[in-house]
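The values are calculated or read from the model by the stated rules, or taken from the named source; none is laboratory data. Keep in mind it's a predicted model, so treat the numbers as computed, not measured. Heads up, the Cβs are rebuilt from the backbone with ideal geometry, glycines too, and the neighbour counts pull from every protein chain shown. For the accessible areas, the whole protein counts, side chains as well, though only heavy atoms, and no ligand, DNA or RNA atoms are used. Shrake-Rupley method; radii C 1.70, N 1.55, O 1.52, S 1.80 Å.
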Amino acid sequence: MRERDESQPKGSTCFVETDLLLWWEDFYLPVFEYVLPKMGALEGKKVLELGTGTGGTATLLAKQGASVVGIDLLPFRLDEAKERVNQHKVANAVDFSLMDATQLAFPDNTFDFIISKSVLVFTEHKQTAKECYRVLKPGGKTIFMENMRNHPMVWLYRKLFLKYSRELHYFTLHDIEAIGKEFEEMEHREFHLFSLGALFWKRIIPIPIFYRWTLQVLRLIDRSLLRMFPILKRFCWITAMICHKKP
């Protein structure tokens, strides 16, 4: 496994409808702005979304021309997802199925892209990665956006309020490397070190202008610190892994 340059291609642009990110949109926006240009033009491409939930990402990709299959283990979520794609008039481009990400009911080499957000933490990482590699077409990419383990603020929040989090397998840098070994190449980027501090002005003392300003400043600080001190990546909140299958 060879790790590619983590820098985003110069001149790349993308437009993300934030209402389709569904939750934590301010924090997932830079993640999607990183991964979507890596997918390129989606017109005519077949995409599998693991853990589609209420269908926001599936809708986003379908509106860019992709043919999407979204899978989930919760039937009521799939019902909500069907309503969402109908609202956005892309139902003809999206199919939904009740399915386990560790046992994909698709033939080998089916999809151009596979994408997921906060799914692998609920599964056995390597088994899911192996299944994704199997159903991915040669030359295709699998994109995993996952929560990391060691961000101090997030770690404390999980301990205090998310009792079920003890059963989840959040990512470390070692886990990221292990996923990369299931593919020929992988590139990854980590997000949100100090920027979560902006939530003080959203959750504790709601002052929108302070929240927006603080978030923007802390993102710039994060970007500089992570570039100068890569060791700090282990303390970020979100990682985005882009895994490549050899043509």
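List the strands (runs of 3 or more DSSP E) that sit entirely inside segment 32-135 and contain at least 2 residues that are open to solvent by 70 Å² or more (accessible area, probe 1.4 Å).
94-98
Pairs please, first residue from segment 23-35 and within 17 Å of LEU199 (Cβ to Cβ), second anywhere and β-branched (Val, Ile, Thr), Cβ atoms under 8 Å, 6+ apart in sequence or on different chains.
Taking only residues 6 or more apart or on different chains, the pairs are GLU25/THR18; ASP26/THR18; PHE27/ILE238; TYR28/ILE238; LEU29/VAL16; LEU29/THR18; VAL31/ILE238.
Keeping to segment 218-233, report how many residues are surrounded by fewer than 17 Cβ atoms within 10 Å (Cβ to Cβ) and in contact (Cβ under 8 Å) with a residue 12 or more places away in the chain.
3
With respect to ALA240, is the statement that it is open to solvent by less than 20 Å² (accessible area, probe 1.4 Å) and either modelled with pLDDT under 95 or not in a helix (DSSP H, G or I) (or both) true?
yes
Do we have any residue at all in segment 172-179 that's hydroxyl-bearing (Ser, Thr, Tyr) and either open to solvent by 20 Å² or more (accessible area, probe 1.4 Å) or closer than 30 Å to LYS137 by Cα (or both)?
Within segment 172-179, one or more residues are hydroxyl-bearing (Ser, Thr, Tyr) and either open to solvent by 20 Å² or more (accessible area, probe 1.4 Å) or closer than 30 Å to LYS137 by Cα (or both).
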